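To start, the structure itself, in structure tokens.
The values are calculated or read from the model by the stated rules, or taken from the named source; none is laboratory data. Predicted model only: the values in this text are computed from it and were never measured. So basically every Cβ, Gly included, is an ideal-geometry build from the backbone, and we count neighbours across all protein chains shown. Note: accessible area is taken over every heavy atom of the protein model, side chains too, but ligands, DNA and RNA are not part of it. Shrake-Rupley method; radii C 1.70, N 1.55, O 1.52, S 1.80 Å.
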Amino acid sequence: MGLGLTICYGLIREHGGRIDVASEEGKGTVFTIQLPLLSFSDTTGSIVSMRRATIEDFPALAAMYDAFDPEAKDQGLPPSDPEIRRKWIRYMLETGENVLAWQRDKVVAHACLFFNMQQGDAEYLIFVRRPWQHLGIGTRLTDLALRRARDLTVKTLWLSVESSNFEAIRLYRKFGFAFSDDGRSERTMTLTL
């Protein structure tokens, strides 16, 4: 079994996945394999894998947000205070539908949907670290999030964006989001699915 497991581990890692092992004496061993929802080459030719996040991804996601450029923060997010930032990350992982973009063993982008099923809507958040912006990752994450929202019969998606964040606004408009307020610095955009 040792050689077979080594081969499986290599194949799973090569495809951007992971394998977890849980063993209990007298009960057996369970191998859990997680493969990405999507793998693609970004505009530089590097492989990016996207998969749903679990609470086990907390350390990798925290590392991404810990490395976030201070000038890249919009609307106070991610939080600057490390303790508050960790609580914010844990809250997203525990209550939202999260997808992570990985390059090798590093999380480079994160998208989250917060559902309000009673109203049939969801809030959309997306963060792409500066070195990985303009590589098509945000576009792929947004497409995946919209497909997931449709699968869950969400009627409306909404998000907040700084009015000066022209790159993000361009991305959102590409998918059909439109401004739904007359705010000045922070704007709300919505998309009816």
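Observations on the structure shown:
- The one condition in (1) among the small types (Gly, Ala, Ser); (2) modelled with pLDDT of 95 or more; (3) part of a helix (DSSP H, G or I) that residue 111 fails to fulfil: (3)
- Filter pass, residue 91 being open to solvent by 10 Å² or more (accessible area, probe 1.4 Å) and at pLDDT 90 or above: yes
- Scanning segment 34-79 for residues that are open to solvent by 60 Å² or more (accessible area, probe 1.4 Å), more than 20 Å from residue 113 (Cβ to Cβ) and modelled with pLDDT under 80 returns 35, 70, 71.
- Qualifying residue in segment 105-119 (condition: touching a residue at least 60 places away in the same chain (Cβ under 8 Å), farther than 26 Å from residue 156 by Cβ and buried (at least 20 other Cβ atoms within 10 Å of the Cβ)): yes
- Selection of segment 149-183 for residues being in a loop (DSSP other than H, G, I, E, B) and touching a strand residue (DSSP E or B) at 6+ places or on another chain (Cβ under 8 Å) yields 152, 154, 155, 163, 165, 175, 176, 177, 180, 181.
- Evaluating residue 142 against the criteria (1) open to solvent by less than 40 Å² (accessible area, probe 1.4 Å); (2) within 27 Å of residue 184 (Cβ to Cβ); (3) outside any helix (DSSP H, G or I) leaves one unmet condition, (3).
- Close pairs (8 angstrom Cβ cut-off, 6 or more residues apart or separate chains): more than 15 Å from residue 55 (Cα to Cα) in segment 74-89, open to solvent by 80 Å² or more (accessible area, probe 1.4 Å) anywhere: 75/186; 80/70
- Test: residue 97 is more than 23 Å from residue 164 (Cβ to Cβ) and open to solvent by 50 Å² or more (accessible area, probe 1.4 Å): no
- In the set 162, 167, only one residue is farther than 24 Å from residue 120 by Cβ and either of a type in the set (A, V, I, L, M) or within 19 Å of the chain's Cα centre (by Cα) (or both); that residue is 167.
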